[in-house]
Every structure is written in C-alpha cells, then in structure tokens.
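What follows is a set of notes on a single structure, which appears directly below.
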There are 2 protein chains.
Amino acid sequence: MSAAPIAPARSRIAILGGTGNVGRGLALRWANAGYEVIIGSRSSEKAALTSAQINSELGRPAVGHGGYREAAGSAPIVVLTVPYAAQRSAVEEVADLLAGRILIDTTVPLMPPKVARVQLPSGGSAVAAIQEMLGSSVRVVSAFQNVPAHLLLDLAHEVECDVLVCGDDVAARETVIQLIADIGLSALHAGPIANSAATEALTSVLISINARYKVQGAGIRITRVPCRGHS
Amino acid sequence: MSAAPIAPARSRIAILGGTGNVGRGLALRWANAGYEVIIGSRSSEKAALTSAQINSELGRPAVGHGGYREAAGSAPIVVLTVPYAAQRSAVEEVADLLAGRILIDTTVPLMPPKVARVQLPSGGSAVAAIQEMLGSSVRVVSAFQNVPAHLLLDLAHEVECDVLVCGDDVAARETVIQLIADIGLSALHAGPIANSAATEALTSVLISINARYKVQGAGIRITRVPCRGHS
C-alpha cells in the first residue's frame with residue numbers, strides 16, 4: 001500500500017482542519033488511493049506545509065490547499081477534522097455551501113482535561129447536533145471517532161480498528177463506507193446519526209484503556225460480522 | 001469448559017432476575033466455574049425451574065434460588081440482570097442490603113420498539129444513575145452490556161466479545177474482572193462508572209449491526225491490548 005496506485009483522480013475530497021493528525025492521515029491515505037484531496041485550513045501557511053509534505057511523501061502533486069470555503073465549495077465530499085471546540089464555527093463558516101453534499105464529521109466531544117471520562121455533550125452526540133443544525137439537505141455522516149490518528153499517518157501500518165459509520169442517509173453511509181474501504185480500513189453501517197453518541201463516547205473509553213494498559217491506539221473490532229466494507 | 005471443574009465453592013453470587021437470558025447464562029457459567037450461585041426472582045416458580053435446569057445440566061446442586069431480598073442478603077456479590085424498565089424498582093427493593101457489597105449492573109437502557117437506535121436515558125447512563133441513587137457505600141460496577149446473552153448459555157462456545165467493566169471503585173472493578181475471567185470471558189477496565197454511558201449506548205449499535213448484516217450476536221474486541229483479564 002505504500003506505492004501510489006495508478007488510478008486516476010476519481011473524486012475530490014475536501015478536508016477541513018486537514019493540518020491536524022486525523023486530517024493529515026486521511027489526506028495522505030485518500031491521496032495515496034488516487035483521490036484528489038484539498039486541505040481546507042484557516043492557516044494558509046500550515047495548509048501549504050502539510051500539503052507539500054504529503055505530496056513529497058507520495059512523489060506527486062495529489063493534495064492542494066485553500067481556505068475552508070474554497071475547499072468545501074470545490075468538493076462533493078467534505079470531511080470535518082477540527083477539535084470539538086471548533087466544530088460548530090467551522091461548520092457555520094461553510095454551511096451555505098454544503099447542500100446536497102456529504103459531510104463526514106469525525107468530531108469527538110472530548111472535554112479536556114478529563115478526556116478519559118465520558119462527558120456527553122448536550123443531546124448526546126456532537127455530530128447529531130450538526131445534522132440538526134444543517135437540516136436534512138446536508139447528508140451528515142459520522143465516522144473515524146475511534147481510529148487512533150497516528151496509525152492513519154503510517155501507510156505501511158494496518159489500522160486495527162473498525163470504523164463505525166452512522167448517518168440517517170443510508171446511501172451516503174454506503175458511499176462513505178466505500179471511501180473508507182479504499183484507504184484500507186474496515187467500515188460498518190452502525191445505524192442512524194443518533195448512534196454516533198455511542199461511537200463518540202466510546203473514544204473516552206479507549207483513551208481510558210490506553211492509559212490503564214499502557215498501550216497506544218487501542219481500537220475496536222466488531223466480532224461475528226464476516227461480510228463488511230474492506231479493501 | 002463443559003466439564004465441571006473441581007474447585008470448591010469460592011464465593012456466593014446472587015443473580016437478581018436470574019431467569020432471563022443474561023441471568024441464566026451467568027448463573028450457569030459461574031456455577032460451572034465453582035461458585036455458589038443463588039438466583040433471586042419475583043417468581044419462585046420460574047426461579048425453581050431455572051435453577052433445576054442448570055443443576056441438571058451441571059449434574060450437581062450448584063444453584064439455589066429465593067426472592068430478591070433473600071438472594072441479595074446472602075451474597076457479597078449481587079448481579080442485576082433485569083430489563084431496564086424493572087431496574088430501579090429491583091434495586092430499591094434490596095437497597096438497604098447492599099452497603100459494602102459489589103453490585104454488578106448489566107442493565108442496558110433499551111427503549112422498545114426502537115432498540116437499534118441510541119436513546120440515552122436521563123444523565124446518559126442507566127448504571128451511573130443507580131450508583132448515584134445508592135451512594136458510594138455500594139460498589140456499583142457496570143459489565144456485560146455488549147455480550148450476546150445466547151452465547152453465555154452455551155458453555156462450549158467461546159464468547160467472542162470483550163466485557164468492558166466500568167466503576168468508580170477500582171478494586172471492585174478488579175474483582176469483577178477476575179469473576180469474568182473465571183467464566184472464560186475477556187474483561188477490561190473501561191474507566192469510571194460515567195463511562196458506562198458508552199457501553200450501554202454501544203448495545204444499540206450492535207443490535208443495528210446484527211440487523212444490517214443478518215448476524216446474531218455481534219460483539220466487540222478491543223485491539224492492541226495484549227495483557228488483560230482472561231482465563
């Protein structure tokens with residue numbers, strides 16, 4: 001998987017907050033899989049640096065960059081990878097551009113300093129709150145909450161974690177599951193967007209397990225499901 | 001594991017609601033592992049039948065039965081395996097007997113008919129609400145929320161699901177993890193009782209996955225944790 005495939009750019013993916021660990025890892029993996037990726041950031045300097053690093057790693061100019069609105073307006077798939085505290089303002093900045101698009105929201109409502117303790121946000125799910133805010137014209141899908149970010153950054157490493165995918169629009173979920181399979185991860189339909197409350201809360205459990213068992217990047221696997229989205 | 005071990009009765013475990021699937025499965029497994037088990041039920045007829053069935057399966061009188069108060073008052077470990085709608089009243093009935101004891105609460109706040117959709121109870125966790133109700137003199141531990149009940153009933157079958165164990169009292173959690181290891185399941189420290197919100201909610205995700213992928217008894221495994229409670 002470290003060699004760049006020869007597939008042409010199939011579709012464009014905008015990653016808002018693509019200079020953080022989750023965003024960089026996803027940008028790297030989707031670019032490596034043949035997607036055209038544009039990193040959206042509030043810091044053009046950081047975005048330029050991150051995209052240059054990824055392009056250098058891949059040996060070709062697969063990743064571009066721009067502001068949030070430039071990125072979100074140019075792609076049918078928009079991915080949100082900002083910290084919880086910045087989630088709502090980032091979405092508000094691009095909300096009018098999102099109608100008809102798929103918004104993959106990776107937000108986990110961690111509330112420092114007690115990140116190993118479940119502290120549910122109002123309503124239970126940070127992602128469901130965004131679907132409610134945007135209305136049904138935007139196809140919000142929740143994913144990647146439980147994936148250790150540092151594992152995404154290493155193309156040679158298998159990510160030992162199923163991605164639980166929640167969303168009210170089943171076709172959008174299916175599209176996202178395929179996008180995830182294309183970067184070598186196993187993804188599963190996990191129900192409506194309300195179910196994101198479970199995957200978001202589970203992240204604090206995994207952080208607690210990392211600390212207790214002195215491991216890095218505990219993840220989850222769903223057992224007894226032989227058939228699933230996987231590359 | 002189907003042969004009865006020769007270990008003497010090490011400790012008594014009371015299982016309230018022991019005539020349901022989870023309760024019967026746990027009674028069978030702990031009795032098989034050498035524990036003295038007493039099933040507590042509001043129906044003495046059902047409790048007598050269930051205990052007779054288990055004793056017959058094991059070939060020895062390992063399981064007794066009684067009312068809720070009789071069972072809870074006679075054991076240092078009390079396990080609650082009643083439906084969510086009956087959880088609070090069952091605890092209220094025995095509350096004055098529980099000081100100093102470990103209460104293992106297996107409750108999942110499913111709200112029929114939409115059991116495949118996360119519907120958080122007030123406060124987020126049904127088990128944390130019980131800890132709050134009882135106060136810190138009772139050592140409440142949350143466990144078994146994600147384990148498919150029918151798998152517990154088959155001694156020959158490996159249960160492919162990690163048990164996430166939450167509780168504010170770390171020593172009580174440790175005791176419960178050992179009790180779980182003794183019946184052949186893998187258990188992990190999953191943090192304070194507040195984290196039970198995650199494991200409870202996850203059950204609806206698993207029910208959703210069962211329906212979507214036409215499987216029975218999807219469970220979870222935590223990855224990248226080599227060292228854990230296991231028999």
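No value in this document is a laboratory result; all are computed from the given coordinates. The shown structure was predicted, so the numbers you read here are calculated from the model rather than taken from an experiment. Cβ sites come from the backbone with ideal geometry, for glycine too, and all protein chains shown count toward neighbours.
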Distances from B:ALA156 to the same position in the other copies: list them in nm, one decimal, shortest first, using label points 7 Å from Cα along Cα→Cβ. 4.6
Let me know the charge dipole size of the stretch A:106-201 about its Cα centre in debye, to the nearest 20, where only the beta-carbon of Lys, Arg (+1) and Asp, Glu (-1) is charged. 360 debye
How high is the relative contact order of chain A? Use alpha-carbon pairs under 8 Å, at least six apart in sequence, and give a whole percent. 18 percent
Would you please classify the overall shape of the stretch B:83-185 from the alpha carbon gyration tensor, given that a ≥ b ≥ c denote the square roots of the eigenvalues, rounded means a/c under 1.5, and beyond that prolate means a/b larger than b/c while oblate covers the rest? oblate
If amide H atoms are built 1.01 Å from N in the plane of the peptide, which residues on other chains or at least 5 residues away come under 5 Å of the amide H of A:ILE104? A:VAL78, A:VAL79, A:LEU80, A:VAL141
With springs only between Cα atoms under 10 Å, which of A:ALA52, A:ALA201, A:ALA128 fluctuates most in a Gaussian network model of chain A? A:ALA52
Identify which of A:PRO192, A:PRO121, A:PRO113 has the largest mean-square fluctuation in a Gaussian network model of chain A, with springs joining Cα atoms closer than 10 Å. A:PRO113
With unit charges on the beta carbons (Lys and Arg positive, Asp and Glu negative) and the dipole taken about the Cα centre of the stretch A:125-172, which residue among A:HIS150, A:VAL170, A:MET133 sits farthest to the positive side? A:MET133
For the stretch B:104-231 the mean separation of alpha carbon contacts under 8 Å (6+ apart) over residue count, i.e. relative contact order in percent, is 31 percent
For the protein assembly as shown, what number results from the quotient of the Cα radius of gyration and 2.2 N^0.38 Å? 1.05
In nm, one decimal, shortest first: how far is the label point of A:VAL115 (7 Å from Cα along Cα to beta carbon) from the matching points in the other copies? 3.6
Any idea what the relative contact order of the stretch B:1-127 is, in percent, if you count C-alpha pairs under 8 Å spaced at least 6 apart? 23 percent
Sparse-neighbourhood loop hits (trypsin sites (Lys or Arg not before Pro), the stretch A:65-164; DSSP loop; Cβ within 10 Å at most 14 others) -> A:LYS114
Under 17 Å from a point placed 7 Å out from the Cα of A:VAL115 along the Cα-to-Cβ direction: which residues of the stretch A:151-190 have their backbone N that close? A:151-153
GNM on chain B, C-alpha springs below 10 Å: top fluctuator among B:GLY17, B:GLY167, B:GLY67? B:GLY67
Computed about the Cα centre, the charge dipole of the stretch A:60-113 from +1 Lys/Arg and -1 Asp/Glu charges at the Cβ has a magnitude in debye, to the nearest 20, of 180 debye
Whole-Å distance, taken between Cα centres, linking the stretch B:134-210 and the stretch B:46-115: 15 Å
Express the Stokes-Einstein translational diffusion coefficient of chain B in µm² s⁻¹, to the nearest whole number, given a Kirkwood radius over alpha-carbon pairs, 25 °C and a viscosity of 0.890 mPa s. 140 µm²/s
Spin-label point model (7 Å from Cα, Cβ direction): what's the B:ALA211 to A:ARG88 distance in nm? 3.1 nm
Quick one: dipole size for the protein assembly as shown, taken about the Cα centre, charges +1 on Lys/Arg Cβ and -1 on Asp/Glu Cβ, in debye to the nearest 20. 300 debye
Between A:LEU49 and B:ALA99, what FRET efficiency follows from the Cβ-Cβ distance if R0 is 60 Å, with the result rounded to 0.05? 0.50
Diagonalise the Cα gyration tensor of the stretch A:43-85 and give the resulting equivalent ellipsoid semi-axes, square root of 5 times each eigenvalue, largest first, whole Å. 19, 13, 10
Restricting to DSSP H runs of at least four residues, report the calculated mean residue ellipticity at 222 nm for chain B, -39500 (n - 2.57) per run over all residues, nearest 500 deg cm²/dmol. -11000 deg cm²/dmol
